[in-house]
Amino acid sequence: MSDDEVLDQLGHRLEQEREFGMFLARHLLRVRDRGGRLQPLKANAVQQAFEARRGQENIVLKARQMGLTTWVAGQFFLKTILARGVLTVQVAHTREAAEGIFGIVQRMWENLPEPLQEGPLRRSKATAGRMIFGERDSEFRVISAGEENAGRGLTIQNLHLSEIGRWPGDAAATLAGLRAALAPGGELTMESTPAGAYGCFYEQWMRAEEAGVTRHFFPWWMEPAYVGFAASGWSVDERRLVEAHGLTAEQIGFRRGLERSFRGLRSQEFAEDAVSCFKATGECCFEVAAIERRMAELPEPLERRRGGALLVWFPALKGKEYLVAADTAGGGAEGDYAAVQVIELATGLQCAELREKIGTLELARVAAGLAREYGGAMIAVERNNHGAGVLAYLDAIERYARVYEQHGVAGWLTSAGSKPAMVSRMGALLAESAEMFLSARLLEECRTFVTGAGGRTGAAQGAHDDCVMAMAIAQTVRAERLERQRG
């Protein structure tokens, strides 16, 4: 029997027997351990647990450095060299990470038996991030999520998406493109450490079960190397972990070291459960506990319009005065959301909210319609960027004259000078009067409104802040008008 025929038989058995993959990894593949020594790829506790429950599509939430990326690389490498006509793609969050993963796979090939390297597994092409096995008509690629058109035009049999929570740019769009390239019956593994309760990975994790994706969670204590000095005098929280999961004094000692090193981010970097790890970003501009308390008690909207884009909780009442605020966007399927908030002027109570990808003309039409519905309310339009177009349409097309002016200029200007006060006001209202807010979309955006580099505030990567900014404009203009009335 030729080497080529042997590979065919091994590939057939690999497809039929789940444990055979672990056997082959141990006997064929070599990796470097934490000490830099070349060792067989023997499945650790995390890797064994993953294999035991692995489905066709998988999503993995894990602590740092659990060995999952190396394991999936190894299993997909075996599926590539033992089958014919297979394309395997691994996607890393950065170019440097992609180079690191490709180095792992390169080492696996370099340590295969020489007759295979020089025979059926001879590479007909090997460049940075790419191996082609001509005789098997198979290919293994490692790319970064930041590459333009990642995965476009490909038909992929094995797809591994690493650290999705840290992908740059529009991670959801990149993921959609890659998933569209996955062949029917292809295998998918998405994995990441948590990066906050927002963004592409969080959304994929939360809806995995309804999408038929197998969820895997691996806390830090499944890694045997994570031990420290034996700890004594356990806290209530530490004792709970010991009793629930059988942690040792050395593991508790390691955890205390994490507290000193990572502080508020310990639960994010070294996950202990699949809920708190997402909430441990430590960057949110607002009081998270108040947001979550309010989210737990939100009422259903009285009315849903425009396919659910426009929600109404309180209709207009005669004798009450209202304010309409609009945060503009370019519109279109690829653009940002536009948002409109309708609030009661006297109390600040949220009455209605629009969040939709629409252009300036349609936004002007909807905003004017709401303003008329709510007793001829004043409209405050953010005049940054596309706002000038909305203001022009309100004047020329809608003939709506009751538009907020700032220093004699139509519209509200969000600037480096005005934004901090707007954000501070929203923070105070969320902490002291969260009951005035009724929108889950708004509160979810508040939860992902973070402080970034240089102290700049805005939506976290992969999240949106359109509803937040529209509400911040509404509440700031309301406060200004009430102050004028009192003066």
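Could you please rank Ile164, Ile156, Ile473, placing first whichever residue has the fewest other Cβ atoms within 10 Å of its Cβ?
So the ranking, lowest neighbour count to highest, is Ile156, Ile473, Ile164.
Excluding Glu223 itself, what net charge comes from residues whose Cβ is under 11 Å from its Cβ, given Lys and Arg +1 and Asp and Glu -1?
+3
7 Å from Cα along Cα→Cβ at both Glu19 and Arg484: what's the point-to-point distance in nm?
Simple spin-label model gives 7.8 nm for this pair.
Check Trp412: other-chain or 5+ apart residues with amide H under 5 Å from its amide H, H built from backbone geometry?
Counting only residues 5 or more places away or on other chains, the set is Val381, Glu382, Arg383.
I want the local charge near Glu398. Using Cβ-Cβ distances under 14 Å, sum +1 for each Lys or Arg and -1 for each Asp or Glu among the other residues.
Within the 14 Å Cβ shell, the charges total +1.
Taking the Cα centre of the chain as origin, sum charge times position over the Cβ atoms of Lys and Arg (+1) and Asp and Glu (-1), and report the length of that vector in debye to the nearest 20.
Its charge dipole is roughly 600 debye.
For Thr457, what residues show an amide H to amide H distance below 5 Å, using hydrogens built from the backbone and excluding near sequence neighbours?
The list, which skips near neighbours in sequence, is Gly452.
Taking every pair of distinct Cα atoms and averaging 1/r, then inverting, what Kirkwood hydrodynamic radius in Å comes out for the chain?
About 25.6 Å, per the Kirkwood formula over Cα pairs.
To check you understand DSSP bridge types, tell me what percent of the beta bridges within the chain (both residues inside) are antiparallel, rounded to 5.
50 percent
HN-Hα J couplings of the stretch 119-129 from phi, Karplus 6.51/-1.76/1.60, θ = phi - 60°, integer Hz, Gly and Pro as x?
x, x, 9, 5, 7, 7, 7, 9, 10, 4, x
Which value in deg cm²/dmol, rounded to the nearest 500, describes the helix-derived mean residue ellipticity at 222 nm for the chain, given -39,500 (n - 2.57) per DSSP H run of n ≥ 4 and division by the residue count?
-12000 deg cm²/dmol
State, to one decimal in nm, how far the label point of His12 lies from the label point of Lys320, with both points 7 Å from Cα in the Cβ direction.
7.3 nm
Using Cα-Cα distances under 8 Å and only pairs 6 or more residues apart, what relative contact order does the chain have, in percent?
Once divided by the residue count of the chain, the mean separation gives 12 percent.
Put +1 on the Cβ of every Lys and Arg and -1 on every Asp and Glu Cβ in the stretch 288-486; which of Tyr400, Ile358, Cys467 then has its Cα farthest towards the positive end of the dipole?
So the residue we want is Tyr400.
Assuming R0 = 60 Å, what is the FRET efficiency of Glu300 and Asp3, from their Cβ-Cβ distance, to the nearest 0.05?
That pair, Glu300 with Asp3, gives E of 0.40.
Kindly identify the stretch 288-486 as rounded, prolate or oblate by the Cα gyration tensor criterion: order the square roots of the eigenvalues as a ≥ b ≥ c, call it rounded if a/c is under 1.5, otherwise compare a/b with b/c, prolate if a/b is larger, else oblate.
Verdict is rounded for the stretch 288-486.
Any idea which of Thr457, Leu87, Val324 is furthest toward the positive side of the dipole for the chain, if Lys and Arg beta-carbons carry +1 and Asp and Glu beta-carbons -1?
Thr457
Using a Förster radius of 51 Å, what is the FRET efficiency between Ala52 and Ala346 based on their Cβ-Cβ separation? Nearest 0.05, please.
0.25
Could you work out how far the C-alpha centroid of the stretch 386-426 sits from that of the stretch 74-122, in angstrom?
Distance between centres, Cα-based: 56 Å.
Every read-out reported here was derived from the displayed coordinates using simple, explicitly stated rules and does not represent laboratory data. The structure displayed is predicted, hence computed values, not measured ones. Heads up, the Cβs are rebuilt from the backbone with ideal geometry, glycines too, and the neighbour counts pull from every protein chain shown.
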